[in-house]
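The values are calculated or read from the model by the stated rules, or taken from the named source; none is laboratory data. Predicted model, so just to flag it, every value in this text is computed and none were measured. Here the Cβ is made from the backbone with ideal geometry for all residues, glycine too, and neighbour counts use every protein chain on show. Just the protein is used for accessible areas: all its heavy atoms, side chains included, with ligands, DNA and RNA removed. Shrake-Rupley method; radii C 1.70, N 1.55, O 1.52, S 1.80 Å.
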Amino acid sequence: MNSNFSCKTCASADKKLETFISNLSVDTSHHRMEGQSIKCGFGLQGICCRLCSNGPCRITPDGPKGVCGATADTIVARNFLRAVSAGSGCYIHIVENTALLLKKTAANKGAIKGKIALAKLAEIFEVNETDEHVCAEKIADLVLADLYKPDYIKMELVEKMAYKPRFDRWKELGILPGGAKSEVFAGVVKTSTNLNSDPVDMYLNCLKLGISTGLYGLTLTNLLNDVMLGEPSIRLAPVGLRVIDTDYINIMITGHQHSMFAYLQERLIQEDVIEKAKAVGAKGFKLVGCTCVGQDLQLRGEHYKDVFNGHAGNNFTSEAILATGAIDAVLSEFNCTLPGIEPICDELKIKQICLDDVSKKANAEMKPFVFEEKESQSNEIIASVIEAYQARRGVVALNLDAEHGNDDTLTGVSEGSLKSFLGGTWKPLIDLIVKGEIKGIAGVVGCSSLTAGGHDVLTVNLVKELIAKDILVLSAGCSSGGLENVGLMSPQAASLAGPKLRAVCESLGIPPVLNFGPCLAIGRLELVATELAEAIGVDLPQLPLVLSAPQWLEEQALADGAFGLALGLPLHLGLPPFVTGSSVAVQVFTQDMLNLTGGQLIIDDNAQSAAQTLDSIIEKKRQELNI
Amino acid sequence: MKRIIIDREKCDGCLNCNIACISAHEEGSNFYTVNLQSPDAETRNFIKFDVGKGYLPIFCRHCDEPECVLSCMSGALEKDPVSGHVQYDENKCAACYMCVMNCPFGVLKPDKKNRTKVIKCDFCDDKPDGPSCVKACPKQAIVVKEVNL
Ligand code: SF4
Ligand code: SF4
Ligand code: SF4
Ligand code: SF4
């Protein structure tokens, strides 16, 4: 490959992956970190504005205000709300497509695999329909109707879904969201040139977007997918580069919109398609998981044993997965589909197909998913993947790592599967928390990044610190992709936990870090938290529960974070979200939020001290609950 | 002897060198936390912009024959014979600003807050990983070179 890249790659918590990547002859994000190591100070603090041609303006000792008079507080708040709006838009796009797909699936009498999820949604939404297809369509319609409301009309499902004490607080604060798509629009307008300059108003707006993002983009996306794709169930599964089997035609998937693959997945294991694979010398087709859509397939893996070979790795493992040479095609429908895969795909003759133009790669074939044409589209995709397989296998060198990852990652954990594992009630978990066998719960969520020490470095170190303090960790997002590859989601990781948590894990045969799958499943963690709070009879901020997105990466993570703060939970981030240039921002997030929602932002890139802070918050909440 | 060498063609005017310098003189701060709005926020290096010529980084040269030292009557400015760096001792400074007037590069200035001392590059006290501004420059418009005199 004609590339001019650094030979020094960044560190990874996953040492095998670090070695694998450092020996690659293709350029990856891990190689590019060094060339991008010098960061702009104004960008890091969020005090650069380029909203008009008088700019870009930066806040400096000699220029304490932008040309228009915008202060650091205004500039930071505008940048932040813009980012949260964009992040919300991303998740709302996902739930919109998912609801549209459910509607069409139901109207066409397609398979309803998740009967429990359907019943649960029908109950929450108060839909009384005996016919499951009619019921599913009504549910999809209700979601879509809310998403499409104007911003001045409140969404109706918020009150039905939210925990009552939370809903009441949000109402008091005036942050109940109007139509979710319009709220994104409103956030963009508000932050444009010479419009809103009130930082506090903009941060409240972020909380509003957090609510619509969380309840719709996260929680509902999961539940709607459960209806179509089947509920998660707990099982052990292989993870890492080892899941790639060269006997098969391998398709790597990237994105967040799992239901788009549903038909293709079934098609790939039908007899006539397997025959086509055999005709070119392969045993059949396999999907190789990458990014959140892979995590989601893994979560529901029980339903997809034949076609899904396992989750290979998170966002910043995708280039390495392709560099094994054993992937024949990439199907992408959302982020995180790194631009960095483009030259690797060209070099290794890997076919790229995008199913949604939001994730169109420059050199990929665009094939927008159309429900009505899914049969012919799937056949066309299969034909072009076979063509790629024939053109590349035997020609492109393989570079596998059968040692990477493990075979016993516990997956399939969800609010439903965990509760049934506990015997259909949260009581056993609550008892363990009350007795102090489990000191508290930490949701370690969100992305993976290459900062804060390197790939997954802070995430893995923080989780080790937390479990050593007898804090049970629930994970969702690319963070789980990293945690599972280093073995923290395997039952034997119990030995790394503190004595009490270790005993609990060993008696149940579970790891101290539970894998809820994709970042969308942060919505499942919210369901768990809400059900626990309900069972105990307290509000969410009173629970001995903390959130951390140690290696948050992008705008969606900021919208997730806004949801966490709206829920009133303490939220740790490894690196500041480009707000430290504003004293108002720092005050609102780290202090005032406690009075607004009960939430609080903690910023610390040191695993030990961050774990100590989170531990002391949990201890304090335990004391306040008298346990 | 180490000097900061400037390649003005490479400078993009990003001001990262300013931030680095201010941060280097705010105890315990980093790029995220340095307070650029504090009255104490003073940069010891400057970027000027000339239409037609582009950006001009202005840094203390730690001159061989430093005009600032020659014009200083109170002994506040001295050239270190070992490092070759021109160091400033605030306690000896009479705040006459002869140095400010005599520096041919215009790099010296009185402090903004009290106007009782001179703001001068201290070569980041010769810390082992080198001057903060140089580390922060994304364009390598400023680099440290060993010079023999
Ligand atoms: S909107 Fe104001 S702060 Fe932003 S670039 Fe224009 S003048 Fe500068
Ligand atoms: S302050 Fe001016 S005269 Fe003195 S050493 Fe620096 S560049 Fe030379
Ligand atoms: S060497 Fe240190 S004191 Fe001198 S200009 Fe650079 S950052 Fe400032
Ligand atoms: S950091 Fe480098 S490029 Fe940026 S202004 Fe300073 S000298 Fe110029």
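Kindly check whether there is at least one residue in the range B:135-146 that is within 13 Å of chain A (Cβ to nearest Cβ), more than 16 Å from ligand 1 (Cβ to nearest atom) and over 25 Å from residue B:8 (Cα atoms). No, the range B:135-146 contains no residue that is within 13 Å of chain A (Cβ to nearest Cβ), more than 16 Å from ligand 1 (Cβ to nearest atom) and over 25 Å from residue B:8 (Cα atoms).
Table: residues versus (1) open to solvent by 30 Å² or more (accessible area, probe 1.4 Å); (2) assigned by TED's automatic domain parsing to the domain that holds residue A:261; (3) of a type outside the set (Val, Ile, Thr); (4) at negative phi.
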| residue | (1), (2), (3), (4) |
| --- | --- |
| A:308 | no, yes, yes, yes |
| A:314 | no, yes, yes, yes |
| A:318 | no, yes, yes, yes |
| A:330 | no, yes, no, yes |
| A:335 | yes, yes, yes, yes |
| A:347 | yes, yes, yes, yes |
| A:360 | yes, yes, yes, yes |
| A:371 | no, yes, yes, yes |
| A:417 | no, no, yes, yes |
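For residue A:117, the test of being touching a His at 6+ places or on another chain (Cβ under 9 Å), open to solvent by less than 10 Å² (accessible area, probe 1.4 Å) and part of a helix (DSSP H, G or I) is failed. Among the conditions (1) part of a helix (DSSP H, G or I); (2) among the aliphatic types (A, V, I, L, M); (3) in contact (Cβ under 8 Å) with a residue 12 or more places away in the chain, the only one that residue A:282 does not satisfy is (1). Consider the range B:124-142 and keep the residues that are within 22 Å of residue B:72 (Cβ to Cβ) and among the acidic types (Asp, Glu). The one that is surrounded by the most Cβ atoms within 10 Å (Cβ to Cβ) is B:126. Counting only strands (runs of 3 or more DSSP E) that fall entirely inside the range B:33-114 and contain at least 1 residues that are more than 16 Å from ligand 3 (Cβ to nearest atom), out of contact with any strand residue (DSSP E or B) (no Cβ under 8 Å at 6 or more places or on another chain) and at pLDDT below 95, the qualifying elements are B:54-58. Among the residues of the range A:109-144, those that are of a type in the set (D, E, K, R) and within 24 Å of the chain's Cα centre (by Cα) comprise A:113, A:120. Looking only at residues in the range B:103-123 that are open to solvent by 20 Å² or more (accessible area, probe 1.4 Å) and within 14 Å of residue B:25 (Cα to Cα), the one that is nearest to ligand 1 (Cβ to nearest atom) is B:121. Here is a check on your reading of the model: is residue A:111 modelled with pLDDT under 95 and either of a type in the set (Lys, Arg) or closer than 22 Å to residue A:296 by Cα (or both)? Yes; evaluated as a whole, the condition is true for this residue.
So if I check each of A:76, A:95, A:84, which one is part of a helix (DSSP H, G or I), within 14 Å of chain B (Cβ to nearest Cβ) and either under 26 Å from the mean Cα position of the chain (by Cα) or under 30 Å from residue A:256 (Cβ atoms) (or both)?
Exactly one of A:76, A:95, A:84 is part of a helix (DSSP H, G or I), within 14 Å of chain B (Cβ to nearest Cβ) and either under 26 Å from the mean Cα position of the chain (by Cα) or under 30 Å from residue A:256 (Cβ atoms) (or both), namely A:76.
Listed by first and then second residue, the pairs with beta-carbon distance under 6 Å, at least 6 apart or on different chains, first residue in the range A:13-30 and closer than 17 Å to residue A:460 by Cα, second open to solvent by less than 10 Å² (accessible area, probe 1.4 Å) and in a helix (DSSP H, G or I), are A:13/A:460.
Filtered by the rule that a residue be near ligand 2 (Cβ under 10 Å from one of its atoms) and aromatic (Phe, Trp, Tyr), the range B:93-122 gives a lone residue, B:105. Would the range B:21-31 turn up any residue that is open to solvent by less than 30 Å² (accessible area, probe 1.4 Å), within 16 Å of ligand 4 (Cβ to nearest atom), closer than 12 Å to residue B:142 by Cα and of a type in the set (A, V, I, L, M, F, W, C)? No.
So that you can scan it fast, the table gives a plain yes or no per residue for (1) more than 16 Å from ligand 4 (Cβ to nearest atom); (2) out of contact with any Gly (no Cβ under 9 Å at 6 or more places or on another chain); (3) away from chain A (no Cβ under 14 Å):
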| position | (1), (2), (3) |
| --- | --- |
| B:49 | no, no, no |
| B:54 | no, no, yes |
| B:60 | no, yes, yes |
| B:65 | yes, yes, yes |
| B:84 | yes, yes, yes |
| B:91 | yes, yes, yes |
| B:104 | yes, yes, yes |
| B:108 | yes, yes, yes |
| B:112 | yes, yes, no |
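Taken as a whole, the structure leaves residue A:21 outside the set of residues that are more than 14 Å from every other protein chain (Cβ to nearest Cβ) and closer than 30 Å to residue A:228 by Cα.
Hey, among A:331, A:297, which residue is outside any loop (DSSP other than H, G, I, E, B), modelled with pLDDT of 95 or more and of a type outside the set (Lys, Arg)? Only one candidate qualifies: A:331.
Among A:66, A:55, A:43, which is the only one that is surrounded by fewer than 18 Cβ atoms within 10 Å (Cβ to Cβ), more than 10 Å from chain B (Cβ to nearest Cβ) and not in a strand (DSSP E or B)? None of the other options fit; the residue is A:55. Quick check: is even one residue across the range B:30-37 away from ligand 2 (no atom under 16 Å from the Cβ) and of a type in the set (Val, Ile, Thr)? Yes, that holds for at least one residue.
Taking the range B:38-47 as the range and being within 9 Å of another protein chain (Cβ to nearest Cβ) and crowded, with 18+ Cβ neighbours inside 10 Å as the test, the residues that pass are B:41, B:42, B:43.
Looking at the range B:115-141, which of its residues are on the phi > 0 side of the Ramachandran plot, assigned to a loop (DSSP other than H, G, I, E, B) and not basic (Lys, Arg)? Within the range B:115-141, B:130, B:140 meet the criteria. Among what's in the range B:2-12 and is away from ligand 2 (no atom under 16 Å from the Cβ) and under 22 Å from residue A:56 (Cα atoms), pick the residue that is farthest from the other protein chains (Cβ to nearest Cβ). Applying the filter and picking the extreme gives B:9. Within the range B:13-32, restricting attention to residues that are part of a loop (DSSP other than H, G, I, E, B) and more than 8 Å from every other protein chain (Cβ to nearest Cβ), the residue that is nearest to ligand 3 (Cβ to nearest atom) is B:25.
Quick check on the range A:203-212. Is at least one of its residues surrounded by fewer than 24 Cβ atoms within 10 Å (Cβ to Cβ), away from ligand 4 (no atom under 16 Å from the Cβ), over 30 Å from residue A:145 (Cβ atoms) and over 19 Å from the mean Cα position of the chain (by Cα)? No: the range A:203-212 contains no residue that is surrounded by fewer than 24 Cβ atoms within 10 Å (Cβ to Cβ), away from ligand 4 (no atom under 16 Å from the Cβ), over 30 Å from residue A:145 (Cβ atoms) and over 19 Å from the mean Cα position of the chain (by Cα).
Of A:195, A:176, all but one fail to be open to solvent by less than 40 Å² (accessible area, probe 1.4 Å) and outside any helix (DSSP H, G or I); the exception is A:176. The set of residues in the range A:18-77 being at pLDDT below 95 and among the acidic types (Asp, Glu) consists of A:34, A:62.
So which residues in the range A:380-390 are touching a residue at least 40 places away in the same chain (Cβ under 8 Å) and open to solvent by 60 Å² or more (accessible area, probe 1.4 Å)? Hit for the range A:380-390 is A:390, nothing else. Only residues that are open to solvent by 10 Å² or more (accessible area, probe 1.4 Å) and within 26 Å of residue A:335 (Cα to Cα) were counted across the range A:479-501, and they come to 3.
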